[in-house]
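First, the structure itself, so that you have it in front of you.
The values are calculated or read from the model by the stated rules, or taken from the named source; none is laboratory data. This one's a predicted model, so the numbers in the text were calculated from it and none came from an experiment. Virtual Cβ from ideal backbone geometry, glycine too; neighbours counted across all protein chains shown.
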Amino acid sequence: MARLALVVPAHSYRGNDFLAAATPHQLTIVTDAEEPLGGDHIVRSSLSLDASETDRLAQVLVERSVEAVIGVDEYSVQLAADVSDRMGLSHGRGEAIRRATHKDQLRSTLDRAELPQPSWHVADSVAAIDVDWLERALGPGPWVLKPLDRTASEGVVRVDASTLAWGRDQLAAVVGSHAPVLAETFVPGAEIAVEAILTDGALEIVTVFDKPDIGDGPTFWEATYLAPSSIPLSVIEEVRVLIERAARALDLHTTPIHAELRLPEGRPVIIELAPRTIGGRCARAIRLDDGRHLEDLVIERALNQPRTIPAARRGGPIGIWMLPTPHDGTFEGLDGVEVAAAIPGVERIEMTTTAGTTVYAPPRTRSYLGFVFVSGRSRRRVLSTLDQVRSVLRPRVAPAS
């Protein structure tokens with residue numbers, strides 16, 4: 001029985017699924033949560049990246065003969081990698097993760113590798129961004145502005161000369177007016193999300209999701225995921241090769257990969273690439289034909305026990321709707337749940353926000369009110385079911401005072 005450690009932040013979307021997949025192993029959980037999470041041993045931690053905390057955790061896990069350390073989400077992969085390096089289980093993994101998760105370092109690395117991505121420039125602060133600077137740095141708009149250190153679509157806005165003041169206000173609300181910002185050219189075209197597993201530098205795609213309603217801004221709330229993707233297999237192979245080259249440039253070796261790409265004129269351009277699994281509850285829609293889950297693949301490879309990823313996926317087309325927050329305020333509840341749950345094709349509705357929680361509308365949030373999972377015989381049927389669900393589910397949010 002292998003000895004495994006999971007780094008699980010309190011309130012992580014991904015914690016429970018990784019904990020379930022880790023059940024066959026002797027499990028140590030590193031967490032800042034106060035409530036019990038299971039496992040054979042709990043190590044309380046602030047989960048800070050402070051060197052003294054990293055050293056302490058490494059010593060504790062060495063004493064427990066832990067063979068692999070896994071961060072379950074975007075908030076824990078860096079600490080897990082740093083601890084793994086300190087334990088001698090890996091070498092340089094922490095720096096590779098750091099390159100991939102800091103947007104400016106990611107862009108610099110992809111530039112050196114001459115891989116397709118948006119043109120970009122870092123502004124010293126939100127307040128320093130004006131139209132003249134953007135046009136000098138990137139050429140004519142529209143442009144996309146992003147915080148350097150946030151995930152998902154938090155703080156991400158598309159602006160032009162007429163909406164720049166609004167965009168600066170949105171960014172300042174997320175990171176403050178003095179924080180540096182990544183400015184990019186806007187890349188049009190369809191957008192996809194790719195879930196893949198990198199094993200000793202070789203990339204295997206697990207699932208490709210279409211994002212049929214991502215749109216062109218001004219915010220980029222990821223409302224709907226649909227699989228399997230409708231893009232041609234030849235383009236999917238081009239995407240696979242591109243992500244594998246990007247991972248090599250970042251010096252990533254064995255890790256899950258979540259990547260987002262746009263397809264202007266059908267050619268892939270890297271928008272985001274992260275050494276982690278997909279966020280939220282979306283991984284629950286990934287169905288391998290042999291019954292395994294995405295978390296199983298991650299754990300197997302971390303323990304150097306990789307098994308073949310089956311080409312087939314269980315079931316037909318699937319769709320996920322991530323419930324958006326209509327406006328800032330206090331979440332009071334969700335109307336229409338019973339009606340939506342009775343719609344043919346709706347598998348389940350999972351709420352992740354409780355009544356009384358303060359919520360924010362895009363782009364000031366990276367959280368979702370909940371998730372709706374839908375299946376059907378065809379993509380058209382899945383999209384039709386999602387439309388029906390959207391017509392009956394109504395979140396109640398009391399406006400902020």
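Going by the structure shown, is residue 60 in contact with a helix residue (DSSP H, G or I) (Cβ under 8 Å, 6 or more places away or on another chain) and farther than 15 Å from residue 303 by Cα? Outline the logic, then answer.
Values: in contact with a helix residue (DSSP H, G or I) (Cβ under 8 Å, 6 or more places away or on another chain): no; farther than 15 Å from residue 303 by Cα: yes.
Taking the combined requirement at face value, the residue does not satisfy it.
For segment 141-190, which residues satisfy the criterion of being farther than 26 Å from residue 75 by Cβ, out of contact with any helix residue (DSSP H, G or I) (no Cβ under 9 Å at 6 or more places or on another chain) and of a type outside the set (D, E, K, R)?
Matches in segment 141-190: 142, 162, 163, 165, 166, 186.
Right, another one. Which of the residues that make up segment 192-211 are in contact with a strand residue (DSSP E or B) (Cβ under 6 Å, 6 or more places away or on another chain) and surrounded by fewer than 18 Cβ atoms within 10 Å (Cβ to Cβ)? I'd like the intermediate steps shown before the answer.
Applying the first criterion (in contact with a strand residue (DSSP E or B) (Cβ under 6 Å, 6 or more places away or on another chain)) to segment 192-211 yields 192-198, 203-211.
Listed by number, the list holds a single entry, 204.
Still on this structure, I have one more. Are there any strands (runs of 3 or more DSSP E) wholly within segment 283-401 with 2 or more residues that are of a type in the set (Lys, Arg), and if so which?
Values: elements: 318-322, 329-335, 346-351, 370-375, 394-399.
Of the strands (runs of 3 or more DSSP E) lying wholly inside segment 283-401, those with at least 2 residues that are of a type in the set (Lys, Arg) span 394-399.
Mind telling me which of the residues 40, 73, 50 ends up being in contact with a Pro (Cβ under 9 Å, 6 or more places away or on another chain) and of a type in the set (D, E, K, R)? Even if it seems obvious, please write down each step before you answer.
On the way: 40 fails: in contact with a Pro (Cβ under 9 Å, 6 or more places away or on another chain); 50 fails: in contact with a Pro (Cβ under 9 Å, 6 or more places away or on another chain).
From the options 40, 73, 50, the qualifying one is 73.
Which residue, of 168, 150, 248, is charged (D, E, K, R), out of contact with any Phe, Trp or Tyr (no Cβ under 6 Å at 6 or more places or on another chain), assigned to a loop (DSSP other than H, G, I, E, B) and over 30 Å from residue 317 (Cα atoms)?
150
Here is a follow-up. Can you name the residue in segment 234-248 that is in contact with a Ser or Thr (Cβ under 9 Å, 6 or more places away or on another chain) and surrounded by 21 or more Cβ atoms within 10 Å (Cβ to Cβ) and, of all such residues, is nearest to residue 198 (Cα to Cα)?
Among those that are in contact with a Ser or Thr (Cβ under 9 Å, 6 or more places away or on another chain) and surrounded by 21 or more Cβ atoms within 10 Å (Cβ to Cβ), it is 247.
Table: residues versus (1) under 24 Å from residue 255 (Cβ atoms); (2) at pLDDT below 95.
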site	(1), (2)
172	no, yes
183	no, no
187	no, no
197	yes, no
215	no, yes
218	no, yes
222	yes, yes
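Quick one: is residue 32 within 27 Å of residue 367 (Cα to Cα) and outside the structural domain of residue 257 (by TED's automatic domain parsing)?
Answer is yes for this residue.
Moving on to the next point. Which pairs have Cβ atoms under 8 Å, sit 6 or more apart or on different chains, and link a residue in segment 352-372 that is surrounded by fewer than 20 Cβ atoms within 10 Å (Cβ to Cβ) to one that is among the charged types (D, E, K, R) and at pLDDT below 85?
Close Cβ pairs (under 8 Å, with a partner that is among the charged types (D, E, K, R) and at pLDDT below 85) amount to 366/150.
For segment 40-135, list the strands (runs of 3 or more DSSP E) that sit wholly inside it and hold at least 3 residues that are touching a residue at least 24 places away in the same chain (Cβ under 8 Å); which are they?
Per the criteria, 68-71, 120-123.
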